[in-house]
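Working notes, structure below.
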Amino acid sequence: MKNTSKAITKRIVSDGRFLPLGKILPSMITLASVAAGMTSILLAVRGDFEKAVIAIILAAVFDGFDGRVARMFRASSQFGVELDSLADSISFGVAPAFVMFFYANQNVKSFGWIVSIIFAICCVLRLARFNVMTGDEKVPEYWHYFFTGVPAPAGAMLALTPVMLYLATDEKMFTCPFVCMGFMLLVAFLMISKVPTLSLKKMRVASAAVAPIFVSFVMLIGLLYFHFWGVASFVWCFYLITIPLTYIKFRKMKKEFEEK
């Protein structure tokens, strides 16, 4: 009986008609990101901008997990890479552009729509460049510590920062279409630029700093619970401030590399 059961199991596993769940789970998570991005557009059309931003944040969470799940189950594939880029173009390019249009940009009609289009196009161009650079083995070693330009998920969050600031402060300035459009154009430029931005993948932390980082992280989680939009706004404003600091660090590493 046991031999028969083993034979059936072996036949099912080796049969090309069956795939392990772990092989398709990463793609399922990626498609969940698309669903969240599309839902944010619907919520923006209805005027529920708080939930629209939350939907895009959820899309970013899914985007952060799909690659890790793929590596965990050894399910990485070219199909997954392409699907991820297409999903990102919707969730972090098209969706934020629609949200910001209905939030403020529509008040200046066609010009606001053009700014939203520019943002979406820059996001797509940034993703296309990232795909090309991923297979470029000629990139110097120090470049692996940085991203080229602002990544698409971070770009989406930065573009939505005026909404977060308004939800945190009720300050009408953050609903001004010219403030929002100016912010979107700045972020769009940063996405397609070659400005080095922070990458956490190879960042190292001093042993003495581990305990303070743990404490700070717990405090951050607590503050998120009580002051979600205030903390979220602070995080992305802080990220924007780190960009010139990251550029200084990049120039220093490049100089050291060239002197070797």
- Residue satisfying all of: in the range 153-173; small (Gly, Ala, Ser) and surrounded by fewer than 24 Cβ atoms within 10 Å (Cβ to Cβ); nearest to residue 236 (Cα to Cα) among these: 154
- Query: Is the range 245-252 home to any residue that is out of contact with any strand residue (DSSP E or B) (no Cβ under 9 Å at 6 or more places or on another chain), over 19 Å from residue 92 (Cβ atoms) and part of a helix (DSSP H, G or I)?
  - Reply: yes
- Query: Is it true that residue 83 is over 26 Å from residue 24 (Cα atoms), surrounded by 14 or more Cβ atoms within 10 Å (Cβ to Cβ) and under 17 Å from the mean Cα position of the chain (by Cα)?
  - Reply: no
- Task: For the range 66-82, indicate whether the set of residues that are out of contact with any Lys or Arg (no Cβ under 6 Å at 6 or more places or on another chain) and in contact (Cβ under 8 Å) with a residue 60 or more places away in the chain is non-empty.
- Result: no
- State which residue pairs qualify: first residue under 12 Å from residue 164 (Cβ atoms) and open to solvent by less than 60 Å² (accessible area, probe 1.4 Å) and inside the range 231-242, second residue among the hydroxyl-bearing types (Ser, Thr, Tyr) and in a helix (DSSP H, G or I) in any location, beta carbons under 9 Å apart, and separation of 6 or more residues or different chains. 232/161; 233/161; 233/169; 236/161; 237/161
- Among the residues of the range 119-127, is there at least one that is in contact with a helix residue (DSSP H, G or I) (Cβ under 6 Å, 6 or more places away or on another chain), assigned to a helix (DSSP H, G or I) and within 22 Å of residue 47 (Cα to Cα)? yes
- Of 168, 154, which residue is under 19 Å from residue 50 (Cβ atoms) and assigned to a helix (DSSP H, G or I)? 168
- Message: Criterion first (part of a helix (DSSP H, G or I), at pLDDT below 85 and surrounded by 14 or more Cβ atoms within 10 Å (Cβ to Cβ)) does residue 94 satisfy it?
- Response: no
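Please indicate, with yes or no, whether at least one residue in the range 35-44 is over 30 Å from residue 168 (Cα atoms), open to solvent by less than 80 Å² (accessible area, probe 1.4 Å) and either among the small types (Gly, Ala, Ser) or at pLDDT 95 or above (or both).
Start the filter on the range 35-44 by keeping residues that are over 30 Å from residue 168 (Cα atoms), which leaves none.
No; the residues of the range 35-44 include none that is over 30 Å from residue 168 (Cα atoms), open to solvent by less than 80 Å² (accessible area, probe 1.4 Å) and either among the small types (Gly, Ala, Ser) or at pLDDT 95 or above (or both).
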- Qualifying residue in the range 204-213 (condition: open to solvent by 80 Å² or more (accessible area, probe 1.4 Å), over 26 Å from residue 117 (Cα atoms) and small (Gly, Ala, Ser)): yes
- Message: Residue under question is residue 148, and the condition is that it be at pLDDT 90 or above and either open to solvent by 40 Å² or more (accessible area, probe 1.4 Å) or touching a Lys or Arg at 6+ places or on another chain (Cβ under 9 Å) (or both); does it hold?
- Response: no
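The values are calculated or read from the model by the stated rules, or taken from the named source; none is laboratory data. Because the structure is a prediction, the values reported are computed rather than measured. Here Cβ is always computed from backbone atoms with ideal geometry, including for glycine, and neighbour counts include all displayed protein chains. With ligands, DNA and RNA removed, areas are computed over all heavy atoms of the protein, side chains included. Shrake-Rupley method; radii C 1.70, N 1.55, O 1.52, S 1.80 Å.
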